[in-house]
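Working notes, structure below.
The values are calculated or read from the model by the stated rules, or taken from the named source; none is laboratory data. Values in this document were obtained by computation on a predicted structure and should not be read as measured data. Cβ coordinates were reconstructed from backbone atoms using ideal geometry, including for glycine residues, and neighbour counts include every protein chain displayed. Please note that ligands, DNA and RNA were not included when accessible areas were found on the heavy atoms of the full protein model with its side chains. Shrake-Rupley method; radii C 1.70, N 1.55, O 1.52, S 1.80 Å.
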Amino acid sequence: MRRFVALALLLLAVPAARAADDSYPHGRLPEGVTPTHYRLELGIDPRAGGFAGAAEIEVLVAAPTRTIWLHGLGLEVREATVTSGARRLTARYEELDHVSGVARLSLPSPLPAGPATLHLRWRAPFQASPQGLYRTRAGGTWYAFSQLEAIDARRVFPGFDEPRFKTPFDVAILTVSGDLAISNMPERHATQLAAGRTRHEFLTTKPLPTYLLAFAVGPFDVSEMVPIPANEVRHDPLPLRLVATRGQAGRFAFALREAPELIARLERYFGTPFPYPKIDLIASPIHAGAMENAGAIIFGDALLLLGSAATPRQQSTFGVVAAHELAHQWFGDLVTPAWWDDIWLNESFAEWMGSKVADQWRPDLGIAQEQLQATLDAMVTDGLQAGRAVHQPLTDNLQIGAAFDGITYQKGAGVIGMVESYLGAERFRRGVQLHLGRHADGTATAADFFAALAEASGEPAIVDAFRSFIDQPGVPLVTVRAAGDGTLALEQLRFRPLGSGAPGPELWQIPFCVHAYGAGAPQQVCTLLATRTGTLRLPPGARAATVHPNADGAGYYRFALGGAPLRSLLAIGATLPPREALVLADGAGAAFDAGELSFAELYDVARVLARHPDRSAALNLGYRLEDVHDRLASAEAQPLIERALVRLYGERLGALGYDLSPGRYAAEPAEQQLLRRQLLGLVGLSGRDPAVHGALAGAAARAAADPASVEGLFRWRVWAAGAEEPGGALLGDLHRLATDSDDAQLRQDAGIALGFARSEEVERAELAIVVDPRLDMNIALTILFQQMAHPATRATAWGWIAAHRDLVFDRVPPMFQGALAGLGATFCSPAGRAAFEAELGARLLRASGGELALRRTLERIDNCAALKQATGDAVRATLAPLAAEAPGR
């Protein structure tokens with residue numbers, strides 16, 4: 001599952017407060033009753049307020065019992081009986097935990113050991129947001145979709161809602177005739193019933209956990225292409241369909257064309273055919289991200305409905321997300337974690353695998369560097385004292401959401417990439433294939449995966465190295481010094497930002513690799529740094545070389561390299577391989593955060609790397625300067641940073657050109673198009689260059705009246721520049737587009753731009769839009785976070801949030817409310833800290849995910865305040881003398 005909430009903010013879920021109650025299980029269900037097969041029937045009419053269901057669940061009872069524990073949340077169970085042989089017992093169904101949905105069947109006499117069948121009938125409401133079985137309206141028509149991960153299958157049917165219980169399902173869906181019904185398997189047949197109803201029956205599934213079931217009902221547009229041809233791995237054609245709300249079929253072209261290539265690449269990697277007999281890619285108007293339901297993946301429609309002329313940004317996002325969800329069909333669906341404490345491996349692997357395959361599919365899109373940047377961003381969170389390990393015990397249902405954050409996805413992906421780099425791609429791949437072969441259609445643990453890697457690679461030591469990164473929080477910092485005679489002296493400590501009280505005794509077993517640059521090709525030298533200090537001896541021909549302490553940027557660590565070695569590395573910084581230049585940029589930003597690098601030195605590194613040909617490497621420190629502008633810099637220094645951004649990047653943008661006409665640059669390499677797009681933001685919006693900002697703002701009204709009149713790759717930046725202009729003339733048009741357009745990308749672009757209004761009167765009108773129920777939750781949160789990010793709008797936005805706190809929280813489903821703590825992360829003073837804690841602190845503590853999210857935000861504010869005090873007037877002192885320089889110097 002890939003989720004996007006408010007500018008891809010991390011979901012920081014931890015247990016909500018819960019009164020002590022030992023009358024029901026809070027975590028795993030007790031042993032003793034195991035499901036073996038479900039027969040599930042759902043009556044789904046999206047036009048109605050709710051749905052009905054009936055289930056027969058075959059179970060195996062280990063010992064006589066009068067109590068069966070299971071899951072159900074918000075279900076009105078109208079019938080509950082249990083049969084065993086010829087006996088039929090009437091059971092009493094009780095939902096005991098109304099937060100996480102633990103229920104009990106009580107029997108009047110003991111149920112004997114052996115096979116039995118539970119018979120249940122119920123009704124339940126549709127959800128309004130993507131959880132359980134939810135409904136949404138598009139084009140005046142209602143549709144229903146499911147989102148069952150993590151523990152929301154229990155909102156749809158009573159059952160054993162844990163990943164360890166993998167069983168076959170027989171699914172039938174009753175619909176209004178004319179509605180299409182979709183589930184995990186191909187439809188076996190449809191039967192017309194009385195009163196204009198149809199019963200759709202599907203083939204029996206392979207063993208699945210409850211969270212991987214999928215349902216979609218409505219008058220969909222469907223495009224069914226010729227089945228994907230057989231290949232060297234799969235000997236039968238594979239049916240593929242794209243499904244979306246009515247009127248969207250014209251936007252299927254890109255996804256239909258490219259999905260087969262992603263599937264084929266994954267089949268070759270795993271060495272086994274696609275695990276299920278068909279694949280449906282389903283677009284939902286309000287789904288957040290995408291969900292890997294076996295054979296029926298549901299996406300937010302902006303990810304799928306790209307038309308035939310998708311921009312490079314849309315192509316990249318589709319490739320990464322689609323490959324992530326398709327990789328899950330093997331790693332997560334075919335082999336499923338035995339319990340939620342190992343969901344980290346499921347998501348980390350899919351994140352890493354999806355980016356790897358998408359980069360192979362389209363190496364021109366810079367996907368490998370973007371994935372590395374996401375891992376580097378996770379290091380910011382991982383560097384906090386208020387952290388968590390990737391792998392952690394989960395003993396309460398309310399803890400399960402904690403497994404779905406950037407530490408799981410991005411740190412985990414970075415660690416997997418490091419291990420693959422150390423073992424070599426082929427040995428790592430053999431371990432993956434061994435793991436999947438051993439546990440196909442079953443469940444497995446991370447320990448099982450480690451064992452397969454160790455066996456296939458012949459390197460059992462890699463298991464302890466892997467565990468040292470996933471079983472403790474924090475980012476290693478490796479200090480590298482020349483020790484003479486071609487030897488590098490190494491020392492590892494925990495990285496800490498300035499002001500942090502993060503503990504420091506941790507040790508990692510670090511697969512540490514350097515590249516030595518001299519004459520000829522760079523030489524890679526590696527060691528496993530398992531102690532506090534160590535050495536690495538360079539080969540004789542590399543002893544005078546320039547050393548990069550993180551070869552290919554593959555290591556999940558930061559490095560400190562001072563003096564002459566650092567100057568030597570900076571001298572070749574603009575010509576380093578992209579990933580190595582990117583980790584150099586990140587390391588400079590991290591050293592600044594730790595108080596080890598001055599602002600003047602940070603700016604010097606930015607000037608060097610701004611010339612790098614790779615987009616991610618060149619712009620990394622531009623975004624770091626943008627953050628300094630928004631949080632650290634005084635009001636007097638902010639215009640100096642704006643001019644500095646223009647000096648760093650304006651000449652490069654000018655050389656590229658920025659004609660806003662649609663299709664003007666379509667023939668260019670994708671990476672160049674994406675570079676121009678980001679430069680327009682840094683120079684025109686963040687740097688407020690008059691010419692660039694004027695060109696963007698001048699096209700805004702035209703683009704609002706006719707979105708096709710400007711290049712789609714630039715559109716939200718055009719509208720944002722217009723929204724920054726006084727008067728708020730665009731506000732009504734952008735609001736209308738964000739709520740009413742049938743084009744998901746237009747809704748998203750308009751929502752982002754709405755966050756850029758600047759005058760106080762316009763800001764307040766714009767913030768009121770946030771509670772418009774027609775506005776998608778993700779767009780609403782995007783507006784709030786953007787308003788809080790900019791120093792010119794922060795005070796007004798904060799006042800509005802404080803006055804409408806409960807409305808804001810009610811706008812967000814309970815699982816995601818912890819993310820609202822991020823609204824305070826832009827404060828950088830004791831006063832801001834106090835205001836944030838006073839207004840949102842208590843409310844966050846009552847929210848699922850709130851406690852850890854609150855602690856992290858408070859720590860970020862403290863660290864920022866400490867850095868601000870240490871930096872003092874350095875921003876102005878560094879940049880004021882440069883203000884008269886010509887751009888690009």
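The charge dipole of region 317-426, taken about its Cα centre with unit charges on the Cβ atoms of Lys, Arg (+1), Asp and Glu (-1) only, comes to about 100 debye. Annotation for A519 and T487: the two label points, set 7 Å from Cα along the Cα-Cβ direction, are 2.6 nm apart.
Projecting the Cα atoms of L493, G474, A551 onto the dipole axis of region 459-554, where Lys and Arg carry +1 and Asp and Glu carry -1 at the beta carbon, places L493 farthest toward the positive end. A Stokes-Einstein calculation at 37 °C with viscosity 0.692 mPa s, built on the Kirkwood radius of the chain over Cα pairs, returns a diffusion coefficient of 115 µm²/s.
Using the Cβ-Cβ distance between A883 and S661 with R0 set to 30 Å, the FRET efficiency from 1/(1 + (r/R0)^6) comes to roughly 0.35.
Were the residues from R164 through E94 laid out at 0.36 nm apart, the gain over their Cα-Cα distance would be 22.9 nm. Compared with the direct C-alpha span, the chain from A195 to V226 gains 7.7 nm at full extension, assuming 0.36 nm per residue. A simple spin-label model places the labels of D364 and T527 4.4 nm from each other, with each point 7 Å out along Cα-to-Cβ. When the solvent-accessible area of the chain is split by element, carbon and sulfur atoms take up 54 percent of it, the probe being 1.4 Å.
Residue separation of E651 and R429 scaled by 0.36 nm, minus their Cα-Cα distance, works out to 75.5 nm of gained length. Each of R268 and T141 was given a label point 7 Å from its Cα along the Cα-to-Cβ line. The distance between the two points is 3.9 nm.
For the chain, give the magnitude of the charge dipole about the Cα centre (Cβ charges: +1 Lys/Arg, -1 Asp/Glu; no others), in debye to the nearest 20.
Values: 83 positive and 96 negative charges, 36 e Å.
Computed charge dipole of the chain: roughly 180 debye.
Once the convex hull of all Cα atoms in region 254-410 is built, its volume per residue stands at 120 Å³. Counting only Cβ charges, +1 for Lys and Arg and -1 for Asp and Glu, the dipole size of region 687-779 around its Cα centre is about 120 debye.
Compute the accessible area per residue over region 651-708, keeping the other protein chains in place, probe 1.4 Å, unit Å². Intermediate values should be presented prior to the final figure.
Numbers: 2350 Å² over 58 residues.
Per-residue value: 41 Å².
Rolling a 1.4 Å probe over the protein heavy atoms gives region 65-208 an accessible area of 37 Å² per residue. Straight Cα distances below 16 angstrom link K166 to the lysines K206, with same-chain residues fewer than 8 positions distant left out.
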